Amino acid sequence: MFTGEYRHSVDDKGRIAVPAKFRAQLEDGAVVSRWLDACLAIHTRTGWEALATRVASLPITDANSRLFTRYVFAGAFEAELDRQGRVVVPAYLRDWAGLGTDAVVVGARDHGEIWEPSRWATYSRTLDDPEELARALQGLGI
């Protein structure tokens, strides 16, 4: 399970350190892709295959299914962690996510997410507002 919040730098080659707690889950490789809320996702290979299977079951006649498929899979990048536990994020994904020299890596249960720090700060403020959070959770059965 991916949990926690970690701040890391992005070096001039586009490498971002993967939190030590995530590394064992990603030792067989990872897939980095665009994700919802203007962040990047880091999936395990198994998790990526499970997502692909779920997406494959969506009707191709549905425009939203095709939109999601293209959004996530068109820019996806298969990656390996280097010996220092870093992953290279290609420039096109860094640019899309607005990443500069810093990043926030957060756990999101079945995947990690890479956020531009100011976007994460803005987004996470809604997590700190108990009334806003309660409204968002309403109807989810939690």
Open item on the list: For V18, what residues show an amide H to amide H distance below 5 Å, using hydrogens built from the backbone and excluding near sequence neighbours?
Closed with: R86, V87
Open item on the list: What's the ranking of 119-132, 74-87 by average number of surrounding C-beta atoms within 10 Å, highest first?
Closed with: 74-87, 119-132
- [ ] Using only the alpha-carbon atoms of the range 36-80, report the extent along each of the three principal axes, biggest first, to the nearest angstrom.
- [x] 34, 23, 15
- [ ] Work out the length of the dipole vector of the chain about its Cα centre, built from +1 on the beta-carbon of each Lys and Arg and -1 on the beta-carbon of each Asp and Glu, and round it to the nearest 20 debye.
- [x] 220 debye
Task: Relative contact order (%) - criterion: Cα under 8 Å, at least six apart; region: the range 18-142 - done: 28 percent
Task: Paramagnetic reach from D129 in the range 23-56 [backbone N under 18 Å; point 7 Å along Cα→Cβ] - done: 37
Open item on the list: Please give the charge dipole size of the range 48-128, origin at the Cα centre, charges +1 on K and R Cβ atoms and -1 on D and E Cβ atoms. Round to the nearest 20 debye.
Closed with: 140 debye
Task: Using θ = phi - 60° and Karplus 6.51 cos²θ - 1.76 cosθ + 1.60, couplings along the range 5-20 (whole Hz; Gly, Pro as x) - done: 9, 9, 9, 9, 8, 10, 7, 5, 9, x, 8, 10, 5, 8, x, 3
Task: Size of electric dipole in the range 1-77: Cβ of Lys, Arg +1 and of Asp, Glu -1, about Cα centre, debye, nearest 20 - done: 60 debye
Task: Radius of gyration, Dmax [the range 44-113; alpha carbons; angstrom] - done: 14.3, 44
Task: Nearest-0.05 FRET efficiency for D37 and A63, computed from C-beta distance (R0 22 Å) - done: 0.55
Task: the chain - Debye-derived log10 I(q)/I(0), Cα point model, q = 0.09, 0.11 Å⁻¹ - done: -0.29, -0.44
Open item on the list: Applying a 10 Å radius around every beta-carbon, put 12-24, 50-62 in order of their mean neighbour count, most first.
Closed with: 12-24, 50-62
Task: FRET efficiency estimate (nearest 0.05) - Cβ-Cβ, Y92 to T53, R0 35 angstrom - done: 0.85
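Where a number appears in this text, it was derived from the coordinates with a stated rule and is not lab data. Values in this document were obtained by computation on a predicted structure and should not be read as measured data. Note that we place each Cβ from the backbone using ideal geometry, even for glycine, and neighbour counts take in every protein chain shown.
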